[in-house]
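A.B. asks: One structure, as structure tokens, below. Some questions next.
Derivation of every value follows stated rules applied to the coordinates shown; laboratory data play no part. As the structure is a prediction and not an experimental result, all values here were calculated from the model. So basically every Cβ, Gly included, is an ideal-geometry build from the backbone, and we count neighbours across all protein chains shown.
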2 protein chains.
Amino acid sequence: MEQTILLAHGGGGDKTNELIGRIFSRHFSNPLLTADDAALLPLGDKTLAFSTDGFIVSPYRFPGGNIGKLSICGTVNDLACMGAEPRWMTCAFVLEEGFPVDELEQIAASMAETAKKAGVVLVAGDTKVCARGQVDKIFITTSGIGIKKEGVATSGSFAKPGDAILVTGDIGRHGATILLAREEFGIEAAITSDCAPLWHLVNKALTICPDIHVIRDATRGGFGTVLYEIAGQSGLGMQIQEERIPVDGAVSGICSMLGLDPVYLACEGRLVMIVPKEAREAVLAGIREEEDGEKAAIVGYVAGKEQAGRVLMETSLGTVRLLPKPTGELLPRIC
Amino acid sequence: MEQTILLAHGGGGDKTNELIGRIFSRHFSNPLLTADDAALLPLGDKTLAFSTDGFIVSPYRFPGGNIGKLSICGTVNDLACMGAEPRWMTCAFVLEEGFPVDELEQIAASMAETAKKAGVVLVAGDTKVCARGQVDKIFITTSGIGIKKEGVATSGSFAKPGDAILVTGDIGRHGATILLAREEFGIEAAITSDCAPLWHLVNKALTICPDIHVIRDATRGGFGTVLYEIAGQSGLGMQIQEERIPVDGAVSGICSMLGLDPVYLACEGRLVMIVPKEAREAVLAGIREEEDGEKAAIVGYVAGKEQAGRVLMETSLGTVRLLPKPTGELLPRIC
């Protein structure tokens, strides 16, 4: 392993996993330490979900949201992916000296609005300030506690051959939005981040089918990275159809121009669900009735052990190709 | 209020309170939102304590600890101050590109060691990386869940006239250590930070006297700031005797040289307890038997409403003076 931290160690891909394995998993090893979106903690007759996420997105304001909204959505969705109803959150701010107070107020207002929408309350916080040049404007870390729905058990290892692969909306909008907001490419397009709290979608899906096998939010590394993770954890393959994957026209256009694959662009309001075959149409219909679920689609199925660890894509020409392995987030500071 | 964030907004004093009041309390207002060290959350027949703290200390290594040890102690002690046994923690790292991996490993090892000592487990984490110059080396945010001891209720507003003011050890060591570690003053002295996890002291004290009225950790702003906070919350006065306050000789010496008052230097392993008069000697004796409690002392008493909001100090000459009002942490990035 390298002697110093690289940007790729924060990209959510192989380098991040290497760092976690070499440093954090080794030192913090205990039966409750999770590699999932949130830890599950037994307490009396309930199971708590507990999760944390740091947000350093640049720029801190972008079409469709800001770092405050993102910081609520990220933690709400991590809890939701464990089948846990988000209940309480904390937030810790690190601010740069000179940061405009009215911008901070707008960020706080977004957090409050998003928390209300997600049905979660902010119960404690912390504020630290660094001198100019010691932190880039504003970082927020949120943590959350949720209460797991009874009878629900989701994990990447629970995928079964024949399960349907469902995605709750068009992919890659957050990544494309941040890319354009950086103004390094001189491209303008009417794209907004998909950033949204999604417990209501999870709750709807689990009410229709309590036995959903896997729920993941496709953040750093995007939809493709999540599929490779599930393929790895389950020891199965994933087969998807390119033409079924919902992608906004503007996002496709930008990807073509820049040579990017939308399946690897970050989302902040999209879930991947691995659903038992017999429940797939009912779950899809239920999700489509909900806000931020209107464009949900079934995009493929879980293949058997003979495809273990592989993600195959049927192209619109009818050929099948191996999706290139994910390399971690393309852009630093996407979230 | 100012239009931009000042260093003082992170100092833990009046400016921090102004920012919290103007922005966070206003937008995040809800019945569970706490101004105490941790929020208390009813769940079935239990009460959870939930708290978060960001750590940006500079330098990140100092005599007696590092940012990792500090990040565990800070959150453990916030939970302990609510009478809650710390159980589970999360940690979120923001690292600067180029940060040495072996330093990160030492920090993680300190975190694991301190967590073990405190009886808490790290259950989830997050890692983000910024490009050089966008974050100063390493920031860590920890969050924790504790379970409140039954029958215990502590709050700054619960102080009663005649209660004893107890401090669990000599004050100001963390602040003095960081001051010297900055190497701006060219002073050398054998001082180490008091940084320590303190649930064992709280548990011991509450076992001896479940009716302890207030427990606070004297961090940003030090012992004096905590006394002013309790005086404000209870609408009573605080009367302390200068010669009873434990201060290390080297800390006094540095304070004399630099014109500082040790009562306003930060601690990271010292509690202030407001104890019913009849239990004070038993609680003191119990705490003195414990590690990090050997130098505990009773340093004064809670005065009546006629002294409301005032902290009076009897000097070694027998005169009584009003302790100057705290102005928030003297140094930025103390924790």
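A.B. asks: Once you sort the root eigenvalues of the Cα gyration tensor of chain B as a ≥ b ≥ c, which label holds: rounded (a/c under 1.5), prolate (a/b larger than b/c) or oblate (the other case)?
C.D. replies: The shape class here is rounded.
A.B. asks: Using a Debye calculation, one point per C-alpha and no hydration shell, please list log10 I(q)/I(0) for segment A:156-322 at q = 0.14 Å⁻¹ in order.
C.D. replies: With no solvent term, the Cα-only Debye profile gives -0.68.
A.B. asks: Could you state the orientation-averaged shadow area of the convex hull built on the Cα atoms of segment B:108-213, in nm² to one decimal?
C.D. replies: 10.9
A.B. asks: Hey, if you put +1 on the Cβ of every Lys and Arg and -1 on every Asp and Glu Cβ in the protein assembly as shown, which of A:ASN77, A:GLY186, B:PHE158 ends up farthest toward the positive end of that dipole?
C.D. replies: B:PHE158
A.B. asks: Right, something else. Among the listed pairs A:LYS204/B:LYS46; B:LYS277/B:LYS325; B:LYS117/B:LYS148; A:LYS148/A:LYS277, which are separated by more than 21 Å between their Cα atoms?
C.D. replies: A:LYS204/B:LYS46; B:LYS277/B:LYS325; A:LYS148/A:LYS277, as the Cα separations exceed 21 Å there.
A.B. asks: Which lysines have a Cα lying under 17 Å from the Cα of A:LYS116, excluding residues fewer than 8 positions away in the same chain?
C.D. replies: A:LYS69
A.B. asks: Also, I was wondering about something else. Measuring from centroid to centroid over Cα atoms, what is the spacing of segment B:84-144 and segment B:1-46 in Å?
C.D. replies: 23
A.B. asks: Sticking with this structure for a sec: Count neighbours as other Cβ atoms within 10 Å of each site's Cβ, and list the GluC sites (Glu not before Pro) in segment A:248-328 that are DSSP loop with at most 15 such neighbours.
C.D. replies: A:GLU289, A:GLU291, A:GLU294
A.B. asks: Let me check I've understood the local charge: for A:PRO59, count other residues with C-beta under 13 angstrom from its C-beta, Lys and Arg +1, Asp and Glu -1. What total comes out?
C.D. replies: 0
A.B. asks: For peptide A:17-26, what's the mean number of Cβ atoms from other chains within 10 Å of each residue's Cβ?
C.D. replies: 4
A.B. asks: Still on this structure: Sequence-distant or interchain residues sharing an amide H contact under 5 Å with B:ARG270, placed H: which?
C.D. replies: B:ALA218
A.B. asks: Whose amide H sits under 5 Å from the amide H of A:PHE55, counting only residues 5 or more places off or on another chain, with H placed in the peptide plane?
C.D. replies: Excluding prolines and chain starts, which carry no amide H, the hits are A:ILE140, A:THR141, A:THR142.
A.B. asks: Continuing with the same structure: Cut-off is 10 Å between beta-carbons; in what order do B:GLU97, A:GLU105, A:GLU329 appear when sorted fewest neighbours first?
C.D. replies: Least to most surrounded, the residues fall as A:GLU105, B:GLU97, A:GLU329.
A.B. asks: What size of dipole, in debye to the nearest 20, comes out for segment B:34-148 about its Cα centre when the only charges are +1 on Lys and Arg C-beta atoms and -1 on Asp and Glu C-beta atoms?
C.D. replies: Dipole magnitude for segment B:34-148 comes out near 180 debye.
A.B. asks: Continuing with this model, one more query. Counting only other chains, and only Cβ atoms inside 10 Å, what mean value do you get across the residues of A:44-55?
C.D. replies: Taking the mean over all residues of the peptide, I get 6.
A.B. asks: Let me ask something else. Would you mind getting me the FRET efficiency between B:ASP14 and A:LYS160? Use the beta-carbon distance for r and R0 = 60 Å, nearest 0.05.
C.D. replies: About 0.50, to the nearest 0.05.
A.B. asks: Could you give the length gained on full extension between A:GLN106 and A:GLU184, defined as 0.36 nm per residue of separation minus the Cα-Cα distance, in nm?
C.D. replies: 25.5 nm
A.B. asks: What percentages make up the Cα-Cα pair-distance distribution of the protein assembly as shown when the bins are 20 Å wide from 0?
C.D. replies: Here the calculated profile for the protein assembly as shown is 19, 50, 24, 6, 0.
A.B. asks: Based on the alpha-carbon gyration tensor of segment B:1-113 and its eigenvalue square roots a ≥ b ≥ c, which shape applies: rounded if a/c is under 1.5, prolate if not and a/b is larger than b/c, or oblate?
C.D. replies: Because a/c hits 1.5 or more and a/b fails to exceed b/c, segment B:1-113 counts as oblate.
A.B. asks: Please turn the phi angles of segment A:15-31 into ³J(HN,Hα) values with the Karplus equation 6.51 cos²θ - 1.76 cosθ + 1.60 (θ = phi - 60°), one per residue in order, whole Hz, x for glycine and proline.
C.D. replies: Residue by residue, segment A:15-31 yields 5, 5, 4, 5, 5, 4, x, 6, 10, 6, 4, 5, 7, 9, 2, 6, x Hz.
A.B. asks: Hey, what number do you get for chain B at 222 nm if only DSSP H runs of n ≥ 4 count, each worth -39500 (n - 2.57), divided across all residues, to the nearest 500?
C.D. replies: Mean residue ellipticity, 222 nm, calculated: -8000 deg cm²/dmol.
A.B. asks: Okay, moving on. What is the set of long-range amide H partners of A:LEU43 at a cut-off below 5 Å, with H atoms built 1.01 Å from backbone N?
C.D. replies: A:LEU48
A.B. asks: I would also like to ask the following. Between B:THR315, B:THR142, B:THR154, find the one with the highest GNM mean-square fluctuation for chain B; connect C-alpha pairs within less than 10 Å.
C.D. replies: Judging by the Gaussian network model, the answer is B:THR315.
A.B. asks: Counting only other residues whose beta carbon sits under 12 Å from that of A:ASN17, what net charge do I get with K and R as +1, D and E as -1?
C.D. replies: Around A:ASN17, the charge tally is 0.
A.B. asks: About its Cα centre, what dipole magnitude does chain A give when the only charges are +1 on Lys and Arg Cβ and -1 on Asp and Glu Cβ, stated in debye to the nearest 20?
C.D. replies: With only Lys, Arg, Asp and Glu charged at Cβ, the dipole is about 640 debye.
A.B. asks: What residues of segment A:94-110 lie in the reach of a label at B:THR4, counting those whose backbone N is under 17 Å from a point 7 Å from the Cα along Cα→Cβ?
C.D. replies: So the set is A:95-105.
A.B. asks: Label points 7 Å out from Cα along the Cβ direction at A:ALA153 and A:ARG244: separation in nm?
C.D. replies: 2.7
A.B. asks: To the nearest µm²/s, what D does Stokes-Einstein give for segment A:160-247 at 10 °C and 1.306 mPa s, using the Kirkwood radius over alpha carbon pairs as Rh?
C.D. replies: Calculated translational D: 105 µm²/s.
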